[in-house]
Amino acid sequence: MSVIRSRIKGCGSYLPERVIDNAEMSTIVDTTDEWIVSRSGITRRHVAAEGELTSDLATKAAEDALAHAGLTADDVDLIVVATATPDETFPATATTVQLKLGMTRGFAFDVQAVCSGFVFALTTADNFIKAGQAKTALVIGAETFSRILDWEDRTTCVLFGDGAGAVVLQAEQGEGTSDDHGVLASKLHSDGRHHDLLYVDGGPSSTQTTGFLRMEGNKVFKHAVKNLSSVVKETLDIVDIKEEMIDWIVPHQANKRILDGTAKKLGIDPEKVIVTVDQHANTSAASVPLALKTAVDDGRIKSGDLLLMEAMGGGFTWGACLVRY
Ligand code: UT7
């Protein structure tokens, strides 16, 4: 049966120049390299320069992805930006990216699912493509979490970083089997009862301030391994794929222990998990496409590989996408 598939034609990334390593972090708050590495696996994080906005990071990642795909902004009819740190309350950062790319056609909007944002945005764009409402889409995860961190709260500020990643999706005819290239299945969830475990204590309607990230990390941790392994199973079941058929897990990078715990629960070889949390920390919606780009560039991910992207974030939101690269 002939079906429309959303195929990844290119991927890109951008990381701000400035790096804060754990040694420098220990001059900012009462922490140590040993604590941060043993609890999270993080050794360093990138931080945007003053005046460098989420849309700047997103635009650079998008340009990189377009170059990788051999396409230009003129080819794009949809931009979806996943971000929890938009330039402004409105308009959508995606429309600023559209402007910065020099695009005057198509449509652009933001998706807000915090750390799950890229998986939600990829699924959204895939549905527009499958519905025939877009042919070529830029899906971007971009964040400047350094701007919403309480730099006096050691329990959160050591864990996050800034960055952006992007993919170009393009409509392609498939056979309707799991041998097709492109997005093969996805599954999304949310549960608003867990608001208080991970949120930002400000916003236009509540406080008229931006607010700071607040997290009960150890409680989030427990939900993460459980939710991620179950949503991976649900996603694989949609197309009747077994865990051992996955070539690479490209997960949201919150904590090395969550990555290890989820792989163990799924019975997947930890060598098949792409890990960048050590270098980038948690970049929220940017972490999955940043990890993807890293493993494509170093030659691990090749055309035809079966990728499982998964993420969980504030809300709670969580989800997974199965993609043949
Ligand atoms: O991306 C969205 C989803 N987010 C996540 O998935 C994050 C999930 N959570 C985690 O990654 C982990 O829970 C953390 C890395 C946040 C924390 O690890 P933990 O093993 O759960 O530690 P904890 O929160 O239970 O804290 C243990 C101790 C506490 O001291 P006491 O009360 O035992 O004396 C903290 O005060 O570590 C202390 N602590 C620190 N010590 C040095 C907390 N932060 C720091 C720090 N440096 N930066």
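The values are calculated or read from the model by the stated rules, or taken from the named source; none is laboratory data. Remember, it's a predicted structure, so these values are computed and weren't measured experimentally. Note that we place each Cβ from the backbone using ideal geometry, even for glycine, and neighbour counts take in every protein chain shown. The protein model used for the area step is the full one, side chains on, heavy atoms only, and it has no ligands, DNA or RNA in it. Shrake-Rupley method; radii C 1.70, N 1.55, O 1.52, S 1.80 Å.
For every residue, the table says whether it meets (1) out of contact with any Gly (no Cβ under 9 Å at 6 or more places or on another chain); (2) at pLDDT 95 or above.
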| residue | (1), (2) |
| --- | --- |
| 185 | yes, yes |
| 193 | yes, yes |
| 197 | no, yes |
| 205 | yes, yes |
| 212 | no, yes |
| 217 | yes, yes |
| 225 | no, no |
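Contact map, the stretch 145-168: residues that are more than 10 Å from the ligand (Cβ to nearest atom) paired with residues that are open to solvent by 30 Å² or more (accessible area, probe 1.4 Å) and polar (S, T, N, Q), Cβ distance under 6 Å, separation 6+ or inter-chain. Pairs shown: 165/13.
Selection of the stretch 37-88 for residues being over 14 Å from residue 162 (Cβ atoms) and part of a strand (DSSP E or B) yields 78, 79, 80, 81, 82. If only residues of the stretch 21-35 that are within 13 Å of the ligand (Cβ to nearest atom) and outside any helix (DSSP H, G or I) are counted, the one that is surrounded by the most Cβ atoms within 10 Å (Cβ to Cβ) is 31.
For the stretch 39-59, the criterion of being open to solvent by 50 Å² or more (accessible area, probe 1.4 Å), among the polar types (S, T, N, Q), under 30 Å from residue 128 (Cβ atoms) and away from the ligand (no atom under 16 Å from the Cβ) is met by none of the residues. Listed by position, the strands (runs of 3 or more DSSP E) enclosed by the stretch 186-270 include none that has at least 2 residues that are more than 16 Å from the ligand (Cβ to nearest atom) and buried (at least 19 other Cβ atoms within 10 Å of the Cβ). Close Cβ contacts (under 6 Å, 6 or more residues apart or on different chains) running from residues in the stretch 43-63 that are assigned by TED's automatic domain parsing to the domain that holds residue 97 to residues that are open to solvent by less than 40 Å² (accessible area, probe 1.4 Å) and of a type in the set (Asp, Glu) comprise 46/162; 47/162; 48/162. The C-beta contact set for the stretch 275-291 (first residue of a type outside the set (S, T, N, Q) and open to solvent by 10 Å² or more (accessible area, probe 1.4 Å), second residue in a loop (DSSP other than H, G, I, E, B) and away from the ligand (no atom under 12 Å from the Cβ), distance under 8 angstrom, 6+ apart or interchain) comprises 278/43; 280/15.
Going by the conditions given, is residue 186 closer than 20 Å to residue 203 by Cα and among the small types (Gly, Ala, Ser)? The answer is no for residue 186.
Just so you know, in the stretch 81-111 the residues that are within 16 Å of the ligand (Cβ to nearest atom) and under 18 Å from residue 209 (Cα atoms) include one that is most open to solvent (accessible area, probe 1.4 Å), and it is 84.
If you go through the stretch 292-324, how many residues are more than 15 Å from residue 123 (Cα to Cα) and of a type outside the set (Gly, Ala, Ser)? Show your work before the answer.
Narrowing the stretch 292-324 to residues more than 15 Å from residue 123 (Cα to Cα): 292-306, 313-316.
Subset that is of a type outside the set (Gly, Ala, Ser): 292-294, 296-298, 300-302, 305-306, 316.
Number of matching residues: 12.
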